[in-house]
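The values are calculated or read from the model by the stated rules, or taken from the named source; none is laboratory data. As the structure is a computational prediction, the values presented were derived from the model and not from experiment. Quick reminder, even Gly has a Cβ in these numbers, built from the backbone with ideal geometry, and neighbours come from all protein chains shown.
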Amino acid sequence: MIIISLLLIISSFLFALQKNEILFYPGKLNVVKGEDRNLNISFPFSLDYKNGDSKVQTIYNEGSKSYNLNGLETGEEQLKLKLLGVIPLKNVKLNVIERPHLVPGGNAIGVRLNTRGVLVVAITDVIDINGQRSSPAKEAGLKVGDSILAINDEKIVNAEQVVKKLNEIKDEEVTLKILRNKTEMEVKARSVKCLQDNSYRLGIWVRDKTTGIGTLTYLNPANMTFGALGHGIADIDTGELLSVEDGLIMNAKVSDITQGKKGEPGEIKGVFYKSDEVLGEIKINDEFGIYGKLEEDYFTKNQLETIPIAFKEEVKVGEAYILTTIEDNKIEKFTINIDKIEDHDRPNQKSMVIKITDPRLIDKTGGIVQGMSGSPIIQDGKLVGSVTHVFINDPTKGYGLFIEWMLEKSDGL
């Protein structure tokens, strides 16, 4: 009998846990100034709150067994979740903010990115003029994925400069400043004279720039910034994120599409030129996309409408659409479904699972293809996120990233 009673108590408690969604929220929630937000909190749980001089007005609704929060002024407040009104379970920080409004993208962009220093993409042996095989780079401790920032205190900006500098120094010992896993360090190395062409080499292949096609996610008129891609730009050989020295995004035109199939990702191909079509300058390249500053006169030249964003807790399973470009430079709307919202309390590229449902897009591309990353996702009139990845075994499905997390990346620009 005691066991049955305990099981009933445990079952009731677990049921209450499922009903009270705040228990599964992160420790910080956004409340939009001037808007109501409802939290489902019912017995045996309750919120400890204060009104009066608070930035948030909190009202308990007896009928719906829930709390209604209204943001009165911007700032932070803290609520306490308690069990049986006594036992503290969780502190919830409320951040009262203005709802950001952004211009959704969807247009194809060309990306030109110059790396910080030069990226080591391969390490090889060198046969010297005596016929001896060695690897000066390997002996110095260089690794694929390292970025060479300076040689003997001279800043390195491109691959040609590395060749020139090594041949000036010849076989003397050099100091290389490198960047490895976001940490700067120095290594010593000594070039050898190569039998093949009598030049001095360390036995490295390096890259100093990359180009490609992607999709713009948003423009922010409040601080003249942009966000695109929804994932970072990595080196094709090393898989390492490229460290940005500078870069540009430009208007592009879609010229061809390779349709995606099961096990074979498709690709959008496009053309762009360095001309008057520059949109902005890249400042950040990280795992959640590329971010930067728009040209100063961009919004005076272009009359664009903004829409509100949705915060991650407002995104729901159901119908939505994306904006993307599959022909020339024409932005079009295509229907999708948000199949699943992933439960992450930290920024994650795989925030939600999406499925392309638009027959025309499936017929044209097979679903999500390379180059479509960054396409804005819109639900109920709000910008909720961007397309980031495709499922290799089902190109109609992929992942999306919450727009809220993309905005956090460009806040400091």
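Restricting attention to the stretch 370-402, which residues are of a type in the set (Val, Ile, Thr) and under 17 Å from GLY232 (Cβ atoms)?
VAL387, THR388, VAL390
State which residue pairs qualify: first residue outside the structural domain of ILE354 (by TED's automatic domain parsing) and more than 17 Å from PRO359 (Cα to Cα) and inside the stretch 316-339, second residue at pLDDT below 95 and not charged (D, E, K, R) in any location, beta carbons under 6 Å apart, and separation of 6 or more residues or different chains.
Sorted first by the residue in the stretch 316-339, then by its partner, the list stays empty.
Here's the yes/no breakdown for (1) touching a Gly at 6+ places or on another chain (Cβ under 7 Å); (2) in a loop (DSSP other than H, G, I, E, B); (3) on the phi > 0 side of the Ramachandran plot:
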| position | (1), (2), (3) |
| --- | --- |
| ILE368 | yes, yes, no |
| MET372 | no, yes, no |
| ILE377 | yes, no, no |
| LEU383 | no, no, no |
| SER386 | yes, no, no |
| VAL390 | yes, no, no |
| LEU401 | yes, no, no |
| LEU407 | no, no, no |
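Here are ASN223, ASN181: which of them is surrounded by fewer than 16 Cβ atoms within 10 Å (Cβ to Cβ), without any contact (Cβ under 8 Å) to a residue 40 or more places away in the chain and of a type outside the set (Lys, Arg)?
Exactly one residue qualifies, and that residue is ASN181.
Out of curiosity, is LYS143 touching a residue at least 40 places away in the same chain (Cβ under 8 Å) and not assigned by TED's automatic domain parsing to the domain that holds ILE236?
So LYS143 fails the test.
Matching residues to (1) within 21 Å of ASN285 (Cβ to Cβ); (2) among the basic types (Lys, Arg); (3) at pLDDT 90 or above; (4) surrounded by fewer than 17 Cβ atoms within 10 Å (Cβ to Cβ):
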{"residue": "PRO136", "(1), (2), (3), (4)": "no, no, yes, no"}
{"residue": "LYS143", "(1), (2), (3), (4)": "yes, yes, yes, yes"}
{"residue": "SER147", "(1), (2), (3), (4)": "yes, no, yes, no"}
{"residue": "VAL192", "(1), (2), (3), (4)": "no, no, yes, no"}
{"residue": "THR217", "(1), (2), (3), (4)": "yes, no, yes, no"}
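Report yes if GLY63 is at pLDDT 90 or above, part of a loop (DSSP other than H, G, I, E, B) and not basic (Lys, Arg), otherwise no.
The answer is no for GLY63.
Can you go through SER410, SER375 and tell me which one is hydroxyl-bearing (Ser, Thr, Tyr) and at pLDDT below 95?
Just one listed residue meets the conditions, SER410.
Sort through ILE87, ILE156, ILE97 and tell me the only one that's in contact with a Lys or Arg (Cβ under 7 Å, 6 or more places away or on another chain) and either of a type in the set (Val, Ile, Thr) or loosely packed, with under 13 Cβ neighbours inside 10 Å (or both).
ILE97
Any residue in the stretch 356-364 that is acidic (Asp, Glu), touching a helix residue (DSSP H, G or I) at 6+ places or on another chain (Cβ under 8 Å) and part of a loop (DSSP other than H, G, I, E, B)?
No, every residue in the stretch 356-364 fails to be acidic (Asp, Glu), touching a helix residue (DSSP H, G or I) at 6+ places or on another chain (Cβ under 8 Å) and part of a loop (DSSP other than H, G, I, E, B).
Just name the residue that is surrounded by the fewest Cβ atoms within 10 Å (Cβ to Cβ) out of those in the stretch 315-346 that are over 20 Å from MET372 (Cα atoms) and aliphatic (A, V, I, L, M).
So the residue we want is VAL317.
Give GLY117, GLY106, GLY52 a once-over and let me know the one that is closer than 30 Å to ALA252 by Cα and either modelled with pLDDT under 75 or outside any strand (DSSP E or B) (or both).
GLY106
For the stretch 347-393, which positions are loosely packed, with under 15 Cβ neighbours inside 10 Å and touching a residue at least 24 places away in the same chain (Cβ under 8 Å)?
Our first condition is that a residue be loosely packed, with under 15 Cβ neighbours inside 10 Å; within the stretch 347-393, this holds for 350, 359-360, 363, 380-381, 392-393.
Those that are loosely packed, with under 15 Cβ neighbours inside 10 Å and touching a residue at least 24 places away in the same chain (Cβ under 8 Å): LYS350, ARG360, ASP380, GLY381, ILE392, ASN393.
Taking the condition under 17 Å from the mean Cα position of the chain (by Cα), in the same structural domain as VAL111 (by TED's automatic domain parsing), closer than 17 Å to ILE257 by Cα and not aliphatic (A, V, I, L, M), does GLN370 pass? Break it down into steps so the answer makes sense when it comes.
On the way: under 17 Å from the mean Cα position of the chain (by Cα): yes; in the same structural domain as VAL111 (by TED's automatic domain parsing): yes; closer than 17 Å to ILE257 by Cα: yes; not aliphatic (A, V, I, L, M): yes.
Yes; evaluated as a whole, the condition is true for this residue.
Does VAL174 fit the bill of being within 35 Å of the chain's Cα centre (by Cα), modelled with pLDDT of 90 or more and farther than 30 Å from GLU295 by Cβ? Give the steps one after another, and end with the answer.
Values: within 35 Å of the chain's Cα centre (by Cα): no; modelled with pLDDT of 90 or more: yes; farther than 30 Å from GLU295 by Cβ: yes.
Answer is no for this residue.
Of the numbered conditions (1) under 26 Å from GLU98 (Cα atoms); (2) among the acidic types (Asp, Glu); (3) within 20 Å of the chain's Cα centre (by Cα), GLU295 fails exactly one; give the number of that condition.
Among (1) under 26 Å from GLU98 (Cα atoms); (2) among the acidic types (Asp, Glu); (3) within 20 Å of the chain's Cα centre (by Cα), the lone unmet condition for GLU295 is (3).
Which residue pairs have Cβ atoms closer than 7 Å, lie 6 or more positions apart in sequence or on different chains, and pair a first residue in the stretch 198-217 that is on the phi > 0 side of the Ramachandran plot with a second residue that is polar (S, T, N, Q)?
Filtered contacts from the stretch 198-217: GLY203/THR124; GLY203/SER135.
If I filter the stretch 259-282 for residues that are surrounded by fewer than 17 Cβ atoms within 10 Å (Cβ to Cβ) and at positive phi, do I get at least one hit?
yes
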